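Before any comments, here is the structure.
The values are calculated or read from the model by the stated rules, or taken from the named source; none is laboratory data. These numbers come from a predicted model, not from an experiment. Glycine gets a Cβ as well: all are built from the backbone with ideal geometry, and neighbour counts include every protein chain shown. The protein model used for the area step is the full one, side chains on, heavy atoms only, and it has no ligands, DNA or RNA in it. Shrake-Rupley method; radii C 1.70, N 1.55, O 1.52, S 1.80 Å.
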Amino acid sequence: MLKNKLKRISILTILILALMLPIVRAENETADNVATPDATTSENNMEETDSTIANSSTTSQEETFKKNDVYLSGNDITIDYIVDGNLFVFANNVTINSQIGGDAFICANTVTVGEQGYIFSNLFTFSKNVTINGVVYDLYATSQDTNINGYVYRDIHVGSDTINIFGTIGRNAYIQSENLAFTNDSNDENSQGHINGNLNYTANHEFSIPEGVVTGETNFEQKVSFSGNTIQDHIMRLGTFVITVVVVWLLCLWLAPKFLKNNTSLLTTKKVLPVIGFGILTPIVMIILAILFFILGITSTLGLLLLLIFFLLIAISNSMFIITLNTFICNKLKIEKTIGIFGMLVACSVVLWLIGLIPFIGSLLGIIVVVLGLGIAVSSLVLREKEKTVEE
């Protein structure tokens, strides 16, 4: 169940990357499509006429078939052509009335898979309303309302306030919801939903499951409520987290600009093991040295200073990791402007903070991030000293 939550939340990162890629591609295509004048104008005109006739059939084919991944954004998006690849959409309303050969990643207000819609792989979506009237292989959804009237070939992993299953789930259902229904208001037996596998759900109370709806087992887990954590508390914590990352980034931009340009090399295959080693050994060595300094008495001040440095490194470790990850993403997407790097930095911070809210997995990821962040900070200092020594 926790893995499924992590996978759903991780869609945010993929969507962010997906939305940036079309911008880069559009710029490259614009540069490649600039026409250059030629002296033989008449011959070119004849060739262009012939190519126009040849391209007309190609254009009509492209309108009904997309061979590569498709990236879309806008207000109302309707997919009525075959996509032989993955689909990435950020829009207000999204409707799929055709076949999607790969995965579909959608962030929208409403998402509808029509009766002619067929997603051959996974549908990942963050939205307000999701309606499945066609066929989806696997469904991963976080939404306010989820309606399944069609067919999900394998599993569903859904977190929604209200879930209506009037169609068929081929295997198992993993659900977190406050309202679950299998029969609509017409009470028609043909409209009753069915789960061919197991039903695993988390809620404040058990639901009344109609007989024969679930072929396998029904497993209920009581939802744990955190009354002390209000929305205002989460917003304040998120704001503090993001501000900390931005402040550390600005300090690096001011004091260590070379680190921001070269820090991604620390995550390469050759250097990642030393980074992990520094991240694990640094706390152990610093704590042992601080204890020894306190025992000796004379150097207790040095021990206190060492502890302060240690806690400072721990405090900025998350920021160091996010800054390095952000630089890596920006390099891949060829984002060079400061405003673009800043925006991606904020987005990465929010995504990592959201993942950290997941019980157990969030804690495990937090440990990994701290270790890598410490390793990156210490490794950059050590490598910088080595470079100075070599230059001297």
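Which entries in Lys258/Lys337; Lys128/Lys223; Lys66/Lys128; Lys261/Lys332 show an alpha-carbon gap greater than 24 Å? The pairs that break the limit, which is 24 Å between Cα atoms, are Lys66/Lys128.
Note on Tyr118: accessible area is roughly 80 Å² with a 1.4 Å probe, heavy atoms of protein only.
Using the Karplus relation 6.51 cos²θ - 1.76 cosθ + 1.60 with θ = phi - 60°, the per-residue 3J(HN,Hα) values for segment 365-373 come to 5, x, 5, 4, 5, 5, 4, 5, x Hz, with x marking Gly and Pro. Per residue, the accessible area of segment 125-200 comes to 38 Å² when a 1.4 Å probe rolls over the protein heavy atoms. Each label point was placed 7 Å from the Cα along the Cα-to-Cβ direction; for Ile209 and Ile280 their separation is 4.3 nm. Rolled with a 1.4 Å probe across the full set of protein chains, the surface gives Lys334 an accessible area near 140 Å².
In order along segment 323-330, the Karplus-derived 3J(HN,Hα) couplings, from 6.51 cos²θ - 1.76 cosθ + 1.60 at θ = phi - 60°, round to 4, 5, 4, 5, 4, 4, 5, 5 Hz, and Gly and Pro are given as x.
Heavy atoms of the protein chains alone define the surface here; on that basis segment 292-347 has 59 Å² accessible area per residue at 1.4 Å probe size.
Please pull out the direction-averaged projected area of segment 82-122, using the convex hull of its alpha-carbon atoms, in nm² to one decimal place.
Numbers: hull surface 9.7 nm².
With every direction weighted equally, the projected area is 2.4 nm².
Taking amide H atoms as placed 1.01 Å from N in the peptide plane, the amide H of Thr78 lies under 5 Å from those of Thr95, each 5 or more residues away in sequence or on another chain.
Where does each of 302-313, 211-222 land if you order them by average Cβ count within 10 Å, highest first? Working shown, then result.
Details: 302-313: 14.9, 211-222: 12.6.
Those peptides, ordered most packed to least, come out 302-313, 211-222.
The accessible-area ordering, largest first, of the residues Leu87, Leu357 stands as Leu357, Leu87, per a 1.4 angstrom probe. Across segment 302-350, Cα-Cα pairs more than 17 Å apart make up 45 percent of the total.
For Tyr118, the amide hydrogen comes within under 5 Å of the amide hydrogens of Ser98, Gln99, Ile100, Val135, counting only partners 5 or more places away or on other chains and with H modelled in the peptide plane. Taking the average, over residues, of other Cβ atoms within 10 Å as the packing measure, peptides 233-244, 88-99 rank 88-99, 233-244 from highest down.
So how much slack lies between Ile243 and Glu217, counting 0.36 nm per residue of separation and subtracting their Cα-Cα distance, in nm? Walk me through the numbers before you get to the answer.
Details: separation 26, 0.36 × 26 = 9.36 nm, distance 4.64 nm.
4.7 nm is the gain from fully extending Ile243 to Glu217.
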